[in-house]
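Worksheet: one structure, shown below.
Rule-based calculations on the coordinates, nothing more; no lab input. What you are looking at is a predicted structure, and each value in this text was computed from that prediction instead of being measured. Cβ sites come from the backbone with ideal geometry, for glycine too, and all protein chains shown count toward neighbours.
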Amino acid sequence: MRISVFGLGYVGTVTAGCLTEQGHQVTGVDVHAQKVAEFNRGKPPILEPGLDLLLSAAHGKGLLRATQNCAEAVSGSEVSLVCVGTPSQSNGGLDLSHVREVIKQIAEALRTQAKKHLLVLRSTMLPGSTQRLADELLSDLTSGGQLQIFYYPEFLRESTAVADFRDPSLAVVGTKDGRPFPVELAPLFGEKAAVVNWNTAEMVKYACNAFHATKITFANEIGRLGKQMQIDSPAVMKLLCQDTRLNLSPYYLRPGNPFGGSCLPKDVRALGHYGRQHGLNLPLLENLLVSNQQHLQNLLGLITERGQGEIVILGLSFKSNTDDLRESAMVEVAQNLLGRGFRLRIYDPQLNLTRIVGSNKRVIDEKMPHLASLLREDLSSALGEQGLVVVAQRCASLEELAKCLTPRHPVLDINGWPELRSVTKSYEGFCW
């Protein structure tokens, strides 16, 4: 393909060089004359391992050139990739001025050339940005079918960017409505790229970077704790990484119920207390419980907004297939709803009050002494004729729910059971 790449910084230069390696004809575009001159000599304007050889080879084959003229680049390409920077503003917000300026120039060029074109945005932008830019600057071109827009987030690490492009850890393409991209773009995106809508593709980039930052901060806080305790923190983290079932895995990485149970709240609380005792500032660990409590408050707000007097909770314990009520988010929800005067019914076949003893029983005695009067032994009597159904666990089958749900049973899904949509017309997810 003939591709124009706007912005010859780290992302743009690496993208351009790697595309020429695949045989594409690439024109780089940048406002800086020095970058353009370096590019036209087959020299990278940045330092990145392996990039100099790529650009030199591309220059020798005649696959690479650069210009400051936007219209010229658009005229000589079928696809334009926007890779310009999106720096922080003084208030922490995102500065999209460079992206807007480039898009304006591309749009002006297309209006004079009357040719069909594909626009691929790679610049990191907050969810909703592609949609706004399309609406504000490109609506005439998209409505007439002259321009198609894609969001293609980059996952290139400086110092390993060429290797990351050749073998991406993740490939995601955003289309306007999440439908597949045209087959002619497969050489650019790769046939295995996940296809989502614009907003989701934009969010994935931020989720990844926030997760990376969280991992680094977590390791550093464990390191500070370890040094205080005279423990070999790298050894601790090495052992932590050996657990690929829970630690380095998809486990726990899904939005849903606040965490609870006998371990996580207690142990996070103890680490924070130790840090304060010894003068260690551990903001990430200290705020895990704060964030968890905020998540619970958001859940309560959603339930009370949707509930109209009657509420049914499916699953009371802190997770499925257990009767442990210690620090269960749903116990807090139930207690709060009762205090606000809601009529509450609970269905959890795992709970047998005659078998619950010890600290688990103390939870009931202290927080829900009337639990026995709220529990229902069968799903039908729990659901009744109406009420908001808060599904915290899959403690009934879809077939059973389909028999008992009525149009007066709106459903709020807490932990992600998408098949619930097949048994109710009134479905809402907690975090989706």
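Just add up the charged neighbours of Leu289: K/R +1, D/E -1, any other residue whose Cβ is under 12 Å from the Cβ of Leu289.
The answer is -1.
Explain nothing, just the number: dipole magnitude of region 194-273 about its Cα centre with +1 on each Lys and Arg Cβ and -1 on each Asp and Glu Cβ, in debye rounded to the nearest 20. Can you show the working numbers first?
Numbers: 9 positive and 5 negative charges, 15 e Å.
I would put it at about 60 debye.
Show which aspartates and glutamates lie in cross-link reach of Lys35 when reach means a straight Cα distance below 19 angstrom and same-chain residues fewer than eight apart are skipped. Of all the aspartates and glutamates, those that pass the test against Lys35 - Cα under 19 Å, at least 8 places apart if same chain - are Glu48, Asp52, Glu72, Glu101, Glu158.
Using the Cα centre as the reference, give the magnitude of the dipole from point charges on the C-beta atoms of the chain (Lys, Arg: +1; Asp, Glu: -1; all else neutral), rounded to the nearest 20 debye. Provide the component values of the computation, followed by the final result.
Values: 44 positive and 43 negative charges, 47 e Å.
Approximately 220 debye in magnitude.
Along its first, second and third principal axes, ordered by size, region 253-398 spans 56, 35, 29 Å in Cα coordinates.
Size of the dipole of region 158-220 about the Cα centre, Lys and Arg at +1 and Asp and Glu at -1 on the beta carbon, nothing else charged, in debye to 20? The partial results should precede the final answer.
On the way: 6 positive and 7 negative charges, 32 e Å.
Rounded to the nearest 20 debye, it is 160 debye.
Seen from every direction in turn and averaged, the convex hull around the alpha carbons of region 212-317 projects onto 8.6 nm². Dividing the radius of gyration of the alpha carbons in region 22-180 by their Kirkwood radius gives 0.96 for Rg/Rh. Estimated from helices alone, the mean residue ellipticity of the chain at 222 nm is -13000 deg cm²/dmol (sum of -39500 (n - 2.57) over DSSP H runs with n ≥ 4, per residue).
Ignoring lysines fewer than eight residues from Lys367 along the same chain, the ones with Cα atoms less than 25 angstrom from its Cα are Lys266, Lys319. Exposed loop positions in the chain were taken to be GluC sites (Glu not before Pro) whose DSSP state is not H, G, I, E or B and which have at most 14 other beta-carbon atoms within 10 angstrom. Between these positions, the longest stretch is 192-376.
Across the chain, the relative contact order, built from alpha-carbon pairs under 8 Å that are at least six residues apart, equals 9 percent. If each Cα of the chain is one equal point scatterer, what is log10 of I(q)/I(0) from the Debye formula at q = 0.06, 0.08 Å⁻¹? The calculated log intensity ratios at q = 0.06, 0.08 Å⁻¹ are -0.38, -0.64. Close amide H partners of Val390, meaning residues 5 or more places away or on another chain with modelled amide H under 5 Å apart, are Val312, Ile313, Leu314, Leu412. Taking Lys and Arg as +1 and Asp and Glu as -1, the other residues whose beta-carbon sits under 12 Å from that of Ser233 total +1.
Name the shape class, rounded, prolate or oblate, that the alpha-carbon gyration tensor gives for region 205-256, where a ≥ b ≥ c are the square roots of its eigenvalues, rounded holds for a/c under 1.5, and otherwise prolate holds if a/b is larger than b/c and oblate otherwise. Oblate shape, in that a/c is at least 1.5 and b/c is the bigger or equal ratio. In region 316-432 the Cα-Cα distances spread across 10 Å bins starting at 0 as 13, 47, 33, 8, 0 percent of all pairs. When you filter the trypsin sites (Lys or Arg not before Pro) in region 370-417 for DSSP loop state and at most 14 other Cβ atoms inside 10 Å of their Cβ, you are left with Arg408.
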